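J.: My questions all concern the structure below.
The values are calculated or read from the model by the stated rules, or taken from the named source; none is laboratory data. Values in this document were obtained by computation on a predicted structure and should not be read as measured data. Methodologically, a virtual Cβ is constructed for each residue, glycine included, from the backbone with ideal geometry; neighbour enumeration extends over all protein chains shown. Note: areas computed on protein heavy atoms with side chains; ligands, DNA, RNA excluded. Shrake-Rupley method; radii C 1.70, N 1.55, O 1.52, S 1.80 Å.
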Amino acid sequence: MGEREVLLQGLSPLVARSLRYVAFDQLHERYGALADAIPADDIVVMIENEAMLSATPWHPERLYFYRSSARHFAQRLRERGFTVLFERAPSTAHGLRSVKERYPDVPLIACEPSSFRQRDRLAGLVDEMRPNDFFLTPRHVFEEWAGAQKSHVMENFYRLQRVRLNVLMTPEGPVGGAWNFDKENRLAPPKNYVWPEPLTFPRDDIDDAVALELEHTPSGAWATTREGALAQLTYFLIHHFATFGPYEDAMVTSSWSLHHSLLSPYLNNGLLHPQEVLDAALERFAHGDVPIASAEGFVRQIIGWREYVNAMYWWQGPDYQERNGLGATTPLLPLFDDASATKMNCLSSIVSDIDQRAWVHHIPRLMVLSNLALVAGVSPQEFLAWMRRRFIDAAEWVMVPNVIGMGVHADGGAMMTKPYAAGGAYIDRMSNYCKDCPYNPKLRTGDTACPFTTLYWDFLARHEAAFSKNHRMAQQMHGMRRLSDLDEVRQRATVVLRGLAQGTM
Ligand code: SF4
(Lines give C-alpha, C1' and ligand atoms only; values in the text may rest on other atoms or scores of the structure.)
Protein backbone atom coordinates (compact mmCIF):
# COMPACT_ATOMS: atom_id res chain seq x y z
CA MET A 1 0.00 0.00 0.00
CA GLY A 2 2.91 2.34 -0.54
CA GLU A 3 4.54 4.46 2.10
CA ARG A 4 1.64 4.44 4.49
CA GLU A 5 -0.47 1.48 5.37
CA VAL A 6 -3.69 2.26 7.16
CA LEU A 7 -5.80 -0.48 8.60
CA LEU A 8 -8.87 1.30 9.89
CA GLN A 9 -11.95 -0.42 11.15
CA GLY A 10 -15.12 0.79 12.68
CA LEU A 11 -14.63 3.71 15.02
CA SER A 12 -15.00 7.13 13.43
CA PRO A 13 -12.49 9.80 14.40
CA LEU A 14 -15.48 12.10 14.85
CA VAL A 15 -16.59 10.18 17.94
CA ALA A 16 -13.24 8.81 19.14
CA ARG A 17 -12.26 9.82 22.67
CA SER A 18 -8.53 9.47 22.11
CA LEU A 19 -5.70 8.06 20.03
CA ARG A 20 -3.50 5.59 21.93
CA TYR A 21 0.05 5.25 20.65
CA VAL A 22 1.53 1.80 21.32
CA ALA A 23 5.29 1.46 20.82
CA PHE A 24 6.72 -1.84 19.63
CA ASP A 25 8.17 -2.48 23.10
CA GLN A 26 4.87 -1.86 24.89
CA LEU A 27 2.76 -4.69 23.47
CA HIS A 28 0.48 -5.33 26.44
CA GLU A 29 -3.25 -4.72 26.72
CA ARG A 30 -3.28 -4.07 30.47
CA TYR A 31 -0.35 -1.66 30.73
CA GLY A 32 0.92 1.50 29.12
CA ALA A 33 -1.29 3.54 26.80
CA LEU A 34 -3.87 0.76 26.59
CA ALA A 35 -4.42 0.29 30.33
CA ASP A 36 -7.82 2.01 30.26
CA ALA A 37 -8.50 1.95 26.50
CA ILE A 38 -11.92 0.82 25.30
CA PRO A 39 -12.65 -0.42 21.76
CA ALA A 40 -15.79 1.71 21.55
CA ASP A 41 -13.96 4.92 22.48
CA ASP A 42 -10.28 4.79 21.62
CA ILE A 43 -8.27 4.34 18.42
CA VAL A 44 -4.94 2.50 18.65
CA VAL A 45 -1.96 3.88 16.73
CA MET A 46 1.10 1.79 15.91
CA ILE A 47 3.99 2.92 13.71
CA GLU A 48 6.28 0.62 11.75
CA ASN A 49 9.43 2.67 11.50
CA GLU A 50 11.01 2.25 8.06
CA ALA A 51 14.29 3.83 9.14
CA MET A 52 14.87 0.70 11.22
CA LEU A 53 15.57 -1.15 7.99
CA SER A 54 18.22 1.19 6.68
CA ALA A 55 19.76 3.33 9.44
CA THR A 56 21.38 0.52 11.46
CA PRO A 57 22.28 -3.02 10.40
CA TRP A 58 20.09 -4.64 13.06
CA HIS A 59 20.22 -8.40 13.43
CA PRO A 60 17.44 -9.68 11.12
CA GLU A 61 16.16 -11.96 13.88
CA ARG A 62 15.63 -8.91 16.04
CA LEU A 63 13.82 -6.96 13.30
CA TYR A 64 11.69 -10.00 12.56
CA PHE A 65 10.79 -10.50 16.22
CA TYR A 66 9.77 -6.89 16.85
CA ARG A 67 7.86 -6.46 13.58
CA SER A 68 6.02 -9.73 13.67
CA SER A 69 5.16 -9.35 17.37
CA ALA A 70 3.75 -5.88 16.70
CA ARG A 71 1.68 -7.02 13.73
CA HIS A 72 0.30 -9.94 15.74
CA PHE A 73 -0.51 -7.56 18.56
CA ALA A 74 -2.36 -5.22 16.18
CA GLN A 75 -4.33 -8.18 14.91
CA ARG A 76 -5.18 -9.24 18.46
CA LEU A 77 -6.44 -5.75 19.24
CA ARG A 78 -8.61 -5.73 16.10
CA GLU A 79 -10.07 -9.09 17.14
CA ARG A 80 -10.99 -7.47 20.45
CA GLY A 81 -12.84 -4.78 18.53
CA PHE A 82 -10.28 -2.00 18.52
CA THR A 83 -9.77 0.28 15.57
CA VAL A 84 -6.07 0.11 14.78
CA LEU A 85 -4.13 2.58 12.65
CA PHE A 86 -1.06 0.57 11.71
CA GLU A 87 1.16 3.05 9.88
CA ARG A 88 4.36 2.58 7.96
CA ALA A 89 6.39 5.76 8.13
CA PRO A 90 9.98 6.96 7.69
CA SER A 91 10.15 7.43 11.47
CA THR A 92 7.91 7.23 14.52
CA ALA A 93 7.68 11.03 14.62
CA HIS A 94 6.65 11.18 10.95
CA GLY A 95 3.98 8.58 11.57
CA LEU A 96 2.56 10.34 14.62
CA ARG A 97 2.55 13.73 12.87
CA SER A 98 0.66 12.22 9.98
CA VAL A 99 -1.95 10.74 12.33
CA LYS A 100 -2.33 14.03 14.18
CA GLU A 101 -2.84 15.91 10.92
CA ARG A 102 -5.64 13.56 10.00
CA TYR A 103 -7.25 13.59 13.47
CA PRO A 104 -6.41 17.06 14.81
CA ASP A 105 -9.20 17.11 17.38
CA VAL A 106 -8.52 13.75 18.98
CA PRO A 107 -5.98 13.82 21.83
CA LEU A 108 -2.96 11.54 21.43
CA ILE A 109 -2.02 9.55 24.54
CA ALA A 110 1.25 7.64 24.91
CA CYS A 111 3.15 5.76 27.59
CA GLU A 112 6.62 7.15 28.24
CA PRO A 113 9.11 5.55 25.85
CA SER A 114 11.97 3.45 27.13
CA SER A 115 14.84 5.69 25.95
CA PHE A 116 15.87 9.32 26.42
CA ARG A 117 15.95 9.92 22.67
CA GLN A 118 12.50 8.56 21.99
CA ARG A 119 11.08 10.36 25.03
CA ASP A 120 12.41 13.67 23.70
CA ARG A 121 11.12 12.98 20.19
CA LEU A 122 7.62 12.24 21.44
CA ALA A 123 7.46 15.04 24.01
CA GLY A 124 6.15 17.66 21.58
CA LEU A 125 3.94 15.28 19.67
CA VAL A 126 1.69 13.70 22.25
CA ASP A 127 -0.96 15.39 24.33
CA GLU A 128 -0.56 13.15 27.34
CA MET A 129 2.49 11.11 28.33
CA ARG A 130 1.78 8.52 31.00
CA PRO A 131 4.47 7.06 33.29
CA ASN A 132 6.05 3.91 31.96
CA ASP A 133 4.53 1.03 33.95
CA PHE A 134 6.34 -1.82 32.19
CA PHE A 135 8.59 -2.09 35.25
CA LEU A 136 7.94 -2.80 38.92
CA THR A 137 9.80 0.19 40.29
CA PRO A 138 8.36 3.70 39.98
CA ARG A 139 11.14 6.14 39.07
CA HIS A 140 10.79 8.09 42.34
CA VAL A 141 11.31 4.93 44.44
CA PHE A 142 14.71 4.35 42.88
CA GLU A 143 15.62 8.04 43.05
CA GLU A 144 14.88 8.13 46.78
CA TRP A 145 17.00 5.02 47.33
CA ALA A 146 19.85 6.09 45.04
CA GLY A 147 19.93 9.61 46.43
CA ALA A 148 20.58 8.26 49.91
CA GLN A 149 23.37 5.84 48.89
CA LYS A 150 27.12 6.36 48.70
CA SER A 151 27.41 3.59 46.13
CA HIS A 152 24.68 2.03 44.06
CA VAL A 153 25.41 -1.63 44.55
CA MET A 154 22.71 -3.84 43.05
CA GLU A 155 22.64 -6.17 46.05
CA ASN A 156 21.42 -3.38 48.33
CA PHE A 157 18.74 -2.31 45.87
CA TYR A 158 17.66 -5.94 45.48
CA ARG A 159 17.14 -6.35 49.22
CA LEU A 160 15.02 -3.22 49.21
CA GLN A 161 12.97 -4.73 46.38
CA ARG A 162 12.49 -8.02 48.24
CA VAL A 163 11.13 -6.15 51.26
CA ARG A 164 9.20 -3.49 49.33
CA LEU A 165 7.49 -6.03 47.05
CA ASN A 166 7.26 -8.66 49.82
CA VAL A 167 8.84 -11.34 47.66
CA LEU A 168 10.31 -14.50 49.27
CA MET A 169 10.12 -12.87 52.70
CA THR A 170 9.03 -14.16 56.11
CA PRO A 171 8.49 -12.01 59.22
CA GLU A 172 11.99 -13.10 60.33
CA GLY A 173 13.75 -12.25 57.07
CA PRO A 174 14.42 -13.75 53.64
CA VAL A 175 13.02 -17.20 52.86
CA GLY A 176 15.77 -19.80 53.30
CA GLY A 177 17.64 -17.60 55.76
CA ALA A 178 19.81 -15.81 53.17
CA TRP A 179 19.42 -13.10 50.55
CA ASN A 180 21.73 -14.75 48.12
CA PHE A 181 22.53 -18.35 47.16
CA ASP A 182 25.36 -17.63 44.75
CA LYS A 183 27.53 -20.35 46.28
CA GLU A 184 24.98 -22.99 45.30
CA ASN A 185 24.24 -21.22 42.04
CA ARG A 186 27.60 -20.83 40.37
CA LEU A 187 28.35 -24.41 39.45
CA ALA A 188 30.39 -25.54 36.47
CA PRO A 189 28.45 -27.47 33.83
CA PRO A 190 28.03 -31.13 34.81
CA LYS A 191 29.58 -33.80 32.59
CA ASN A 192 27.30 -36.02 30.47
CA TYR A 193 24.27 -33.97 31.37
CA VAL A 194 21.28 -33.99 29.02
CA TRP A 195 19.94 -30.47 28.59
CA PRO A 196 16.24 -30.30 27.72
CA GLU A 197 15.39 -29.18 24.21
CA PRO A 198 14.09 -25.60 24.04
CA LEU A 199 10.65 -24.88 22.62
CA THR A 200 10.43 -23.97 18.97
CA PHE A 201 7.71 -21.81 17.47
CA PRO A 202 6.19 -22.56 14.05
CA ARG A 203 5.48 -19.58 11.80
CA ASP A 204 2.05 -18.37 10.76
CA ASP A 205 1.04 -16.16 7.82
CA ILE A 206 2.05 -12.93 9.58
CA ASP A 207 5.45 -14.37 10.46
CA ASP A 208 5.93 -15.57 6.90
CA ALA A 209 5.06 -12.15 5.48
CA VAL A 210 7.55 -10.40 7.78
CA ALA A 211 10.24 -12.99 7.09
CA LEU A 212 9.71 -12.54 3.35
CA GLU A 213 9.95 -8.75 3.59
CA LEU A 214 13.16 -9.01 5.58
CA GLU A 215 14.52 -11.85 3.41
CA HIS A 216 15.29 -13.67 6.63
CA THR A 217 14.74 -17.25 7.72
CA PRO A 218 13.77 -17.06 11.40
CA SER A 219 15.41 -19.47 13.81
CA GLY A 220 12.12 -20.60 15.35
CA ALA A 221 13.54 -19.91 18.80
CA TRP A 222 11.26 -16.94 19.47
CA ALA A 223 7.51 -16.61 19.68
CA THR A 224 5.86 -13.54 18.19
CA THR A 225 2.53 -13.75 20.02
CA ARG A 226 1.28 -13.37 23.55
CA GLU A 227 0.23 -17.05 23.51
CA GLY A 228 3.74 -18.09 22.50
CA ALA A 229 5.32 -15.92 25.19
CA LEU A 230 3.01 -17.46 27.82
CA ALA A 231 3.88 -20.94 26.51
CA GLN A 232 7.57 -20.14 27.00
CA LEU A 233 6.89 -18.96 30.56
CA THR A 234 5.00 -22.19 31.37
CA TYR A 235 7.69 -24.33 29.72
CA PHE A 236 10.39 -22.65 31.79
CA LEU A 237 8.50 -23.07 35.05
CA ILE A 238 7.82 -26.76 34.41
CA HIS A 239 11.09 -27.88 32.83
CA HIS A 240 13.81 -25.45 33.92
CA PHE A 241 12.92 -23.46 37.01
CA ALA A 242 14.05 -26.05 39.57
CA THR A 243 17.46 -26.40 37.90
CA PHE A 244 17.87 -22.79 36.77
CA GLY A 245 19.99 -21.71 39.71
CA PRO A 246 22.86 -24.21 39.85
CA TYR A 247 23.77 -23.84 36.17
CA GLU A 248 22.79 -20.25 35.44
CA ASP A 249 26.45 -19.27 34.89
CA ALA A 250 27.48 -22.39 32.94
CA MET A 251 28.29 -22.38 29.21
CA VAL A 252 28.28 -25.49 27.01
CA THR A 253 28.60 -26.18 23.32
CA SER A 254 25.85 -28.84 23.46
CA SER A 255 23.03 -26.47 24.40
CA TRP A 256 22.47 -22.81 23.52
CA SER A 257 19.76 -22.26 26.13
CA LEU A 258 20.70 -24.57 29.07
CA HIS A 259 18.12 -23.91 31.82
CA HIS A 260 17.60 -20.23 31.00
CA SER A 261 14.09 -18.84 30.88
CA LEU A 262 14.43 -17.18 27.41
CA LEU A 263 11.88 -14.62 28.60
CA SER A 264 13.86 -11.40 28.20
CA PRO A 265 12.67 -10.66 24.63
CA TYR A 266 9.04 -10.88 25.75
CA LEU A 267 9.62 -8.85 28.89
CA ASN A 268 11.37 -6.22 26.79
CA ASN A 269 8.75 -5.95 24.05
CA GLY A 270 5.81 -6.06 26.44
CA LEU A 271 4.32 -9.42 25.49
CA LEU A 272 4.94 -10.34 29.13
CA HIS A 273 4.88 -8.01 32.11
CA PRO A 274 7.39 -8.60 34.92
CA GLN A 275 4.54 -8.75 37.46
CA GLU A 276 2.92 -11.71 35.73
CA VAL A 277 6.29 -13.49 35.38
CA LEU A 278 7.01 -12.88 39.07
CA ASP A 279 3.52 -14.04 40.14
CA ALA A 280 3.78 -17.22 38.06
CA ALA A 281 7.26 -18.02 39.45
CA LEU A 282 6.15 -17.51 43.06
CA GLU A 283 3.07 -19.64 42.50
CA ARG A 284 5.27 -22.39 41.07
CA PHE A 285 7.69 -22.06 44.01
CA ALA A 286 4.75 -22.48 46.40
CA HIS A 287 4.29 -26.06 45.12
CA GLY A 288 7.38 -26.87 47.19
CA ASP A 289 9.53 -28.69 44.65
CA VAL A 290 11.68 -25.79 43.43
CA PRO A 291 14.80 -25.24 45.57
CA ILE A 292 15.09 -21.79 47.13
CA ALA A 293 18.47 -21.30 45.41
CA SER A 294 16.82 -21.56 41.99
CA ALA A 295 13.77 -19.51 42.96
CA GLU A 296 15.90 -16.77 44.50
CA GLY A 297 18.28 -16.75 41.52
CA PHE A 298 15.40 -16.21 39.11
CA VAL A 299 13.60 -13.67 41.29
CA ARG A 300 16.89 -11.75 41.53
CA GLN A 301 16.91 -11.42 37.73
CA ILE A 302 13.33 -10.14 37.58
CA ILE A 303 12.98 -7.80 40.57
CA GLY A 304 16.70 -7.14 41.04
CA TRP A 305 18.88 -6.91 37.96
CA ARG A 306 16.23 -5.99 35.40
CA GLU A 307 14.72 -3.25 37.53
CA TYR A 308 18.11 -1.99 38.69
CA VAL A 309 19.52 -1.74 35.17
CA ASN A 310 16.48 0.15 33.92
CA ALA A 311 16.51 2.51 36.88
CA MET A 312 20.26 3.12 36.51
CA TYR A 313 19.75 4.03 32.86
CA TRP A 314 17.43 6.87 33.87
CA TRP A 315 19.39 7.80 37.00
CA GLN A 316 22.72 8.17 35.16
CA GLY A 317 21.27 10.37 32.44
CA PRO A 318 21.63 10.58 28.65
CA ASP A 319 25.38 11.36 28.63
CA TYR A 320 26.28 8.20 30.54
CA GLN A 321 26.53 6.19 27.32
CA GLU A 322 29.39 8.43 26.13
CA ARG A 323 31.66 7.61 29.07
CA ASN A 324 35.05 6.10 28.48
CA GLY A 325 36.76 6.15 31.86
CA LEU A 326 39.57 3.80 30.85
CA GLY A 327 40.33 5.67 27.61
CA ALA A 328 39.68 2.58 25.46
CA THR A 329 40.02 3.36 21.74
CA THR A 330 40.62 0.06 19.94
CA PRO A 331 38.16 -0.24 17.01
CA LEU A 332 35.58 -3.03 17.17
CA LEU A 333 37.34 -6.35 16.55
CA PRO A 334 36.41 -8.21 13.34
CA LEU A 335 35.56 -11.39 15.27
CA PHE A 336 32.45 -9.73 16.74
CA ASP A 337 30.83 -9.71 13.31
CA ASP A 338 32.55 -12.71 11.83
CA ALA A 339 32.92 -15.94 13.78
CA SER A 340 35.53 -17.13 11.29
CA ALA A 341 37.80 -14.20 12.18
CA THR A 342 39.07 -15.95 15.30
CA LYS A 343 40.52 -19.30 16.35
CA MET A 344 39.31 -18.77 19.92
CA ASN A 345 36.72 -21.49 20.39
CA CYS A 346 34.69 -19.61 23.01
CA LEU A 347 34.32 -16.55 20.77
CA SER A 348 33.63 -18.39 17.53
CA SER A 349 30.97 -20.55 19.25
CA ILE A 350 29.28 -17.61 20.92
CA VAL A 351 29.33 -15.34 17.85
CA SER A 352 27.88 -18.21 15.78
CA ASP A 353 25.09 -18.63 18.34
CA ILE A 354 24.34 -14.90 18.13
CA ASP A 355 24.29 -15.09 14.33
CA GLN A 356 21.65 -17.82 14.55
CA ARG A 357 19.31 -16.50 17.25
CA ALA A 358 20.43 -13.02 18.33
CA TRP A 359 20.82 -14.33 21.85
CA VAL A 360 23.28 -15.87 24.31
CA HIS A 361 22.81 -15.78 28.06
CA HIS A 362 24.29 -13.30 30.52
CA ILE A 363 27.61 -15.06 31.16
CA PRO A 364 28.79 -15.24 27.53
CA ARG A 365 27.71 -11.60 27.24
CA LEU A 366 29.55 -10.50 30.37
CA MET A 367 32.46 -12.88 30.84
CA VAL A 368 33.39 -13.58 27.23
CA LEU A 369 32.20 -10.81 24.89
CA SER A 370 32.40 -7.85 27.28
CA ASN A 371 35.44 -9.29 29.01
CA LEU A 372 37.26 -9.38 25.68
CA ALA A 373 36.17 -5.82 24.81
CA LEU A 374 37.37 -4.73 28.27
CA VAL A 375 40.80 -6.38 28.32
CA ALA A 376 41.45 -5.58 24.64
CA GLY A 377 40.55 -1.93 25.22
CA VAL A 378 37.77 -1.79 22.61
CA SER A 379 35.97 1.55 22.36
CA PRO A 380 32.97 1.33 24.73
CA GLN A 381 30.78 3.18 22.25
CA GLU A 382 31.66 0.87 19.35
CA PHE A 383 31.11 -2.18 21.52
CA LEU A 384 27.83 -0.79 22.88
CA ALA A 385 26.56 -0.16 19.35
CA TRP A 386 27.47 -3.73 18.41
CA MET A 387 25.68 -5.19 21.44
CA ARG A 388 22.61 -3.08 20.62
CA ARG A 389 22.58 -4.35 17.02
CA ARG A 390 23.13 -8.02 17.65
CA PHE A 391 20.84 -9.03 20.52
CA ILE A 392 17.13 -9.64 20.30
CA ASP A 393 16.48 -8.13 23.74
CA ALA A 394 18.97 -5.25 23.49
CA ALA A 395 16.86 -2.23 24.35
CA GLU A 396 18.92 0.90 24.90
CA TRP A 397 17.99 0.96 28.60
CA VAL A 398 19.36 -2.57 28.99
CA MET A 399 22.56 -2.25 27.06
CA VAL A 400 23.80 1.17 28.16
CA PRO A 401 24.23 0.28 31.88
CA ASN A 402 25.14 -3.34 31.12
CA VAL A 403 27.93 -2.36 28.74
CA ILE A 404 29.15 1.02 30.00
CA GLY A 405 28.81 0.23 33.71
CA MET A 406 29.13 -3.49 34.01
CA GLY A 407 30.73 -4.91 30.87
CA VAL A 408 33.62 -2.56 30.12
CA HIS A 409 33.82 -0.46 33.30
CA ALA A 410 33.75 2.77 31.30
CA ASP A 411 31.95 4.76 34.02
CA GLY A 412 34.86 5.00 36.47
CA GLY A 413 33.15 2.56 38.83
CA ALA A 414 29.85 4.43 39.22
CA MET A 415 27.92 1.18 38.89
CA MET A 416 30.34 -1.64 39.73
CA THR A 417 33.06 -1.45 42.32
CA LYS A 418 35.51 -3.41 40.13
CA PRO A 419 35.79 -4.42 36.48
CA TYR A 420 34.63 -7.86 35.37
CA ALA A 421 38.02 -8.77 33.92
CA ALA A 422 39.02 -12.42 33.89
CA GLY A 423 41.57 -14.68 32.26
CA GLY A 424 40.93 -17.97 30.49
CA ALA A 425 40.77 -19.93 33.76
CA TYR A 426 37.27 -18.59 34.51
CA ILE A 427 35.98 -19.55 31.04
CA ASP A 428 37.67 -22.95 31.32
CA ARG A 429 36.01 -23.60 34.69
CA MET A 430 32.53 -22.54 33.59
CA SER A 431 32.42 -24.04 30.08
CA ASN A 432 33.64 -26.80 27.82
CA TYR A 433 34.99 -24.39 25.21
CA CYS A 434 38.67 -24.72 26.08
CA LYS A 435 39.10 -28.42 25.40
CA ASP A 436 38.58 -27.87 21.66
CA CYS A 437 40.51 -24.61 21.45
CA PRO A 438 44.02 -24.25 20.01
CA TYR A 439 44.87 -21.97 22.94
CA ASN A 440 45.61 -23.02 26.50
CA PRO A 441 43.81 -21.12 29.26
CA LYS A 442 46.66 -21.79 31.69
CA LEU A 443 49.32 -20.12 29.53
CA ARG A 444 49.93 -16.38 29.41
CA THR A 445 52.94 -16.35 27.09
CA GLY A 446 53.90 -18.24 23.96
CA ASP A 447 52.07 -18.94 20.71
CA THR A 448 49.40 -21.10 22.35
CA ALA A 449 48.69 -18.80 25.30
CA CYS A 450 45.00 -18.04 25.76
CA PRO A 451 44.40 -14.46 24.58
CA PHE A 452 42.17 -13.86 27.60
CA THR A 453 44.88 -14.91 30.02
CA THR A 454 47.54 -12.77 28.34
CA LEU A 455 45.30 -9.72 27.98
CA TYR A 456 43.97 -10.01 31.53
CA TRP A 457 47.41 -9.45 33.04
CA ASP A 458 48.27 -6.83 30.45
CA PHE A 459 45.00 -5.01 31.26
CA LEU A 460 45.88 -4.86 34.98
CA ALA A 461 49.38 -3.59 34.16
CA ARG A 462 48.04 -1.03 31.64
CA HIS A 463 45.62 0.38 34.21
CA GLU A 464 47.75 0.04 37.31
CA ALA A 465 47.34 3.70 38.18
CA ALA A 466 43.55 3.57 37.85
CA PHE A 467 43.13 0.46 40.00
CA SER A 468 45.92 0.75 42.56
CA LYS A 469 43.67 2.61 45.04
CA ASN A 470 40.73 0.23 44.58
CA HIS A 471 40.88 -2.11 47.57
CA ARG A 472 38.63 -4.64 45.80
CA MET A 473 41.34 -4.95 43.15
CA ALA A 474 44.20 -5.27 45.64
CA GLN A 475 44.60 -9.03 45.32
CA GLN A 476 44.57 -8.95 41.51
CA MET A 477 47.03 -6.05 41.36
CA HIS A 478 49.29 -7.81 43.85
CA GLY A 479 49.20 -10.93 41.66
CA MET A 480 50.10 -8.90 38.58
CA ARG A 481 53.05 -7.21 40.30
CA ARG A 482 54.40 -10.58 41.39
CA LEU A 483 54.52 -12.00 37.85
CA SER A 484 58.16 -12.74 37.05
CA ASP A 485 57.41 -12.77 33.31
CA LEU A 486 55.32 -9.61 33.13
CA ASP A 487 57.52 -8.08 30.41
CA GLU A 488 57.10 -11.18 28.31
CA VAL A 489 53.33 -11.16 28.94
CA ARG A 490 53.10 -7.57 27.80
CA GLN A 491 55.09 -8.32 24.65
CA ARG A 492 52.77 -11.23 23.92
CA ALA A 493 49.80 -8.89 24.51
CA THR A 494 50.92 -6.64 21.65
CA VAL A 495 50.99 -9.70 19.36
CA VAL A 496 47.54 -10.78 20.59
CA LEU A 497 46.04 -7.34 20.08
CA ARG A 498 47.47 -7.14 16.58
CA GLY A 499 46.15 -10.63 15.77
CA LEU A 500 42.69 -9.73 17.10
CA ALA A 501 42.64 -6.54 15.02
CA GLN A 502 43.63 -8.52 11.92
CA GLY A 503 41.15 -11.33 12.61
CA THR A 504 43.90 -13.95 12.80
CA MET A 505 44.10 -14.69 16.53
FE1 SF4 B 1 38.49 -19.13 25.03
FE2 SF4 B 1 41.01 -19.13 25.94
FE3 SF4 B 1 39.41 -21.18 26.45
FE4 SF4 B 1 40.30 -20.77 23.98
S5 SF4 B 1 41.53 -21.28 25.78
S6 SF4 B 1 38.21 -21.30 24.57
S7 SF4 B 1 40.35 -18.55 23.90
S8 SF4 B 1 39.13 -19.10 27.16
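J.: Full extension from Glu29 to Ala501: what is 0.36 nm times the residue separation minus their Cα-Cα distance, to one decimal in nm?
T.: 165.2 nm
J.: Quick one: if the Förster radius is 45 Å, what FRET efficiency do Lys418 and Val15 give, using the C-beta to C-beta distance and rounding to 0.05?
T.: 0.15
J.: Under a crude label model (7 Å from the Cα following the beta-carbon direction), how far is His362 from Thr217 in nanometres?
T.: 3.4
J.: Here's something else I'd like to know. On average, how much accessible surface per residue is there in the chain, in Å², for a 1.4 Å probe, leaving out ligands, DNA and RNA?
T.: Here the per-residue accessible area is 41 Å².
J.: Which of Gly304, Pro318, Ala328 sits closest to the plus end of the dipole of the stretch 289-359, meaning its Cα is farthest towards the positive end, when Lys and Arg get +1 and Asp and Glu get -1 on the C-beta?
T.: It is Ala328, whose Cα lies furthest towards the positive end.
J.: Can you list the HN-Hα couplings for the stretch 265-280, worked out from phi with the Karplus curve (6.51, -1.76, 1.60; θ = phi - 60°), rounded to whole Hz and with x for Gly and Pro?
T.: So the J values, rounded to whole Hz, are x, 6, 5, 8, 10, x, 4, 10, 9, x, 5, 6, 5, 4, 4, 5.
J.: For the chain, what does -39500 (n - 2.57) per DSSP helix run (n ≥ 4), summed and divided by total residues, give at 222 nm, in deg cm²/dmol to the nearest 500?
T.: Here the helix-only value at 222 nm equals -12000 deg cm²/dmol.
J.: Which of Ala281, Phe459, Tyr426 sits closest to the plus end of the dipole of the chain, meaning its Cα is farthest towards the positive end, when Lys and Arg get +1 and Asp and Glu get -1 on the C-beta?
T.: Phe459
J.: For the chain, with the dipole built from +1 on Lys and Arg beta-carbon atoms and -1 on Asp and Glu ones, taken about the Cα centre, which of Phe201, Ala341, Leu267 lies farthest toward the positive end?
T.: Checking the options against the dipole of the chain, the answer is Ala341.
J.: Let me ask something else. When the accessible area of the stretch 108-207 is split by element with a 1.4 Å probe, what percent falls to carbon and sulfur?
T.: Carbon and sulfur together cover 51 percent of it.
J.: Considering amide H positions built from the backbone, and no H for Pro or chain starts, which residues 5 or more places from Val45, or on another chain, come under 5 Å of its amide H?
T.: Amide H neighbours of Val45, under 5 Å, 5+ apart: Arg20, Tyr21, Val22, Leu85.
J.: For Lys343, go through the lysines and keep the ones whose alpha-carbon is under 28 Å away, minus same-chain ones fewer than eight residues off.
T.: List returned: Lys191, Lys435, Lys442.
J.: With charges only on Cβ, +1 for K and R and -1 for D and E, what is the dipole size of the chain about its Cα centre, in debye, rounded to 20?
T.: 1340
J.: In addition: Can you run phi through the Karplus equation (6.51, -1.76, 1.60; θ = phi - 60°) for the stretch 460-467 and list ³J(HN,Hα) in whole Hz, with x for Gly and Pro?
T.: Coupling constants for the stretch 460-467: 4, 5, 4, 10, 4, 5, 5, 9 Hz.
J.: Along the Cα→Cβ direction, 7 angstrom out, place labels at Arg97 and Ala231. What is the inter-label distance in nm?
T.: 4.2
J.: For Asp436 and Arg119, calculate 0.36 nm times their separation in residues minus their Cα-Cα distance, and state this gained length in nm to one decimal.
T.: Stretched out fully, the Asp436 to Arg119 stretch lengthens by 109.4 nm.
J.: Still on this structure, I have one more. Relative to the Cα centre, what is the charge dipole magnitude of the stretch 409-465, using +1 at the beta carbon of each Lys and Arg, -1 at the beta carbon of each Asp and Glu, and rounding to the nearest 20 debye?
T.: Here the stretch 409-465 has a charge dipole of around 160 debye.
J.: Related question: Sequence gap at least 6, Cα distance under 8 Å: using those rules, report the relative contact order of the stretch 346-422 to the nearest whole percent.
T.: Here the relative contact order equals 30 percent.
J.: On to the next question. Subtract the Cα-Cα distance of Leu187 and Asp279 from 0.36 nm times their separation in residues, and report this length gain in nm to one decimal.
T.: Taking 0.36 nm per residue and subtracting the Cα distance, the gain is 30.4 nm.
J.: Return the distance in nm (one decimal) between the two label points of a simple spin-label model at Ser352 and His140, each offset 7 Å from Cα along Cα→Cβ.
T.: Between Ser352 and His140, the simple spin-label model gives 5.3 nm.
J.: Let me ask something else about it. Calculate the FRET efficiency for Arg482 and Asp289 from the Cβ-Cβ distance with a Förster distance of 35 Å, rounded to the nearest 0.05.
T.: 0.10
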